[in-house]
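What follows is a set of notes on a single structure, which appears directly below.
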Amino acid sequence: MIARKNIVVPAVVATFLTALVFSGSLITGITSVFNASLVAATNLFNIFLIIALVTAMLHSLQALGADRKMVAPFRRVMRNGHLAFWGLAIVTYFMSLFFWPTPAVPLIGAVLVPVAIRAGLRPMAVGVVVACAGQGMALSSDYVIRVAPGLSAQAGGLDANAVADTSMVLSLVVGGVALLAAYALEVRKIRTPSPRLLAEWEGGAATASASGAAVQATAADTAATAGTSDAAEAPASAGTGRRWGRVRAGRARAAASTGGGTARPGGGTATLVPGEPEGHDPKGQEDADAPSTAHPRAATVFALLVPLAYLSLIAYMVVAKVSDPVPDLEAGQAAGLVGGVAAIIVFLAALVGDRAGFLESSATHVVNGLVFAFKAMGVVLPIAGFFFIGNGEFAAEILGTDDAGDGLLFDLVAVAQQHIPDSPFVAAFGILLVGLVAGLDGSGFSGLPLTGALAGSLGTSSSIDPATLAAVGQMGNIWSGGGTLVAWSSLIAVAGFARVPVLDLARRCFLPVICGLVAATLVAVVFFG
């Protein structure tokens, strides 16, 4: 991980060697390589299915144009840099909470980022906000789709709902501290709203270096993997990126030479009327080039229906936690509700948008969702399989024995327990550090089986709730590798759409994010331990 290499092969080799030494049989060692991934896939497939259905839902909404309508009202609110900062954070958080950050970033980049730039927010600040609110705060809790809490809980034999609830609170602490710190660092650099800021940002692509073009190309690849239609606007290669930059710069120069117009997203222009203030936009910041939809009424209905459906689901979860008359959801029911609602919306949106061909289009959306799910999460299976050997519940099945005891990982902790200080602070910050290091591979979720398994084994000996430890490790792993602290993660996509150097963006996120993680770990020990 520290060498920034993929850890699938080391995980498979370690699985083979562990099984070989444990059983003394070469056959068991070889079969364990397959069994480990199979056991992981069997226990984690519900997570894959949820990702597939939510992604399919986003595709069906894009076909109607409802995805853009969901965020369009916020463009009217972002009138200055301060409103743009917090408005962008709120929209990014909720979009990423419902759809995951990777599919949401292209939509936000195409619709809201140009508006925030025009309102006076610097491109670097835009990147920090999107990364912290989406790749950090929303993804680290994953409270709606619940992939991350499921991975953390499964490896440690913990209650997924308990991990999810604690993760939600801690993610808000980390995100709140990180965004406040970022705002404090940025507040004096916010500029006066002006169409010229957008023109400079658009025209800056002409002088982008080859490395900058490569970053944008990677952003386009990431967006394409997410199945988003907005990816078509991003350059697909370094050469195409340079040509795209020249085209955008040419549009800006052409606008300037024809009456002082300013380039707008998509290549349109906003003419500056003499006598009006520079920040005035007669169109109310509406995107003149926004693609039309053949089903405007349906798009409006679904743009309202989807947020209301999931907000109602979250409201029910909250009420069930604090109210005795309302039955709480059992294990697995929350995930089932999220997936079921997504599936129903997919079929309804396909029916409205494609009518006679909705059976085929619905199947296409689901298949595309499954493809994305395995591309995004398939690498986790062999890694999770290795760490599952440390859990007694799965070790017997992987190793082909009748009983594997409490699990190898628990045995290791028992041996080292006398050397570990019996302190919840030591345990919490230790798990946080493990999560941060595990996130260095840039995948975001690959370290969750490790932190979850360690939390399950360390919790009792350290006098702290194992679910709390798992949530702390989840914060470290996802904030590190999910796309805020390492430049070789999905932070590349954010930097590409904000058009800033990804290494500079990672450095700018470092101090706010670390402050947030330390604060959240202290909160976890004091209030949840």
Task: Selected residue (criterion: farthest from Pro382 (Cα to Cα)) from residues of region 463-476 that are more than 19 Å from the chain's Cα centre (by Cα) and buried (at least 24 other Cβ atoms within 10 Å of the Cβ) - done: Ile464
- [ ] Check off (1) more than 17 Å from the chain's Cα centre (by Cα); (2) free of Cβ contacts under 8 Å to residues at least 40 places away in the same chain for Ala487 and give me the number that stays unchecked.
- [x] (1)
- [ ] Among residues belonging to region 131-141 that are open to solvent by less than 10 Å² (accessible area, probe 1.4 Å) and either of a type in the set (A, V, I, L, M, F, W, C) or over 10 Å from the mean Cα position of the chain (by Cα) (or both), point out the one that is farthest from Lys189 (Cα to Cα).
- [x] Ala138
Task: Out of Ser37, Ser32, sole residue that is touching a Gly at 6+ places or on another chain (Cβ under 7 Å), touching a residue at least 12 places away in the same chain (Cβ under 8 Å) and either within 28 Å of Leu348 (Cβ to Cβ) or among the small types (Gly, Ala, Ser) (or both) - done: Ser37
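A quick yes/no check of all residues on (1) modelled with pLDDT of 55 or more; (2) small (Gly, Ala, Ser):
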| position | (1), (2) |
| --- | --- |
| Lys283 | no, no |
| Asp287 | no, no |
| Thr300 | yes, no |
| Ala303 | yes, yes |
| Leu311 | yes, no |
| Ser323 | yes, yes |
| Gly332 | yes, yes |
| Gly339 | yes, yes |
TODO: Mind listing just one residue for me: the one in region 503-520 that is surrounded by fewer than 24 Cβ atoms within 10 Å (Cβ to Cβ) and of a type in the set (Val, Ile, Thr) and, of those, nearest to the chain's Cα centre (by Cα)?
DONE: Ile514
TODO: Please enumerate the residues belonging to region 1-29 that are surrounded by fewer than 13 Cβ atoms within 10 Å (Cβ to Cβ), assigned to a helix (DSSP H, G or I) and either in contact (Cβ under 8 Å) with a residue 24 or more places away in the chain or β-branched (Val, Ile, Thr) (or both).
DONE: Val9, Val13, Val21, Ile27
- [ ] Please find, within region 154-204, the residue that is most open to solvent (accessible area, probe 1.4 Å) out of those that are part of a helix (DSSP H, G or I) and hydroxyl-bearing (Ser, Thr, Tyr).
- [x] Tyr183
Task: Count of region 62-95 residues which are part of a helix (DSSP H, G or I), aliphatic (A, V, I, L, M) and open to solvent by 10 Å² or more (accessible area, probe 1.4 Å) - done: 6
Open item on the list: Which of the numbered conditions does Asn43 fail, given that it passes all the others? Conditions: (1) buried (at least 24 other Cβ atoms within 10 Å of the Cβ); (2) more than 21 Å from the chain's Cα centre (by Cα).
Closed with: (1)
- [ ] For Ala453, state whether it is within 18 Å of Gln154 (Cβ to Cβ), over 21 Å from the mean Cα position of the chain (by Cα), open to solvent by less than 30 Å² (accessible area, probe 1.4 Å) and in contact (Cβ under 8 Å) with a residue 24 or more places away in the chain.
- [x] yes
TODO: Please identify the pairs in which a residue from region 503-529 that is within 18 Å of Gly439 (Cβ to Cβ) has its Cβ atom under 6 Å from the Cβ atom of a residue that is polar (S, T, N, Q) and part of a helix (DSSP H, G or I), counting only partners at least 6 apart or on another chain.
DONE: Cys509/Thr484; Val513/Thr484; Ala524/Thr468
- [ ] Might you check whether a residue that is touching a residue at least 24 places away in the same chain (Cβ under 8 Å), open to solvent by 10 Å² or more (accessible area, probe 1.4 Å) and in a helix (DSSP H, G or I) occurs anywhere in region 142-149?
- [x] no
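The values are calculated or read from the model by the stated rules, or taken from the named source; none is laboratory data. It should be emphasised that the depicted structure is a prediction, and the values quoted were computed from it without experimental measurement. Because the Cβ atoms are built from the backbone with ideal geometry, glycine has one as well, and the counts that use them run over all protein chains shown. Side chains are part of the model used for accessible areas, which takes the heavy atoms of the whole protein and leaves out ligands, DNA and RNA. Shrake-Rupley method; radii C 1.70, N 1.55, O 1.52, S 1.80 Å.
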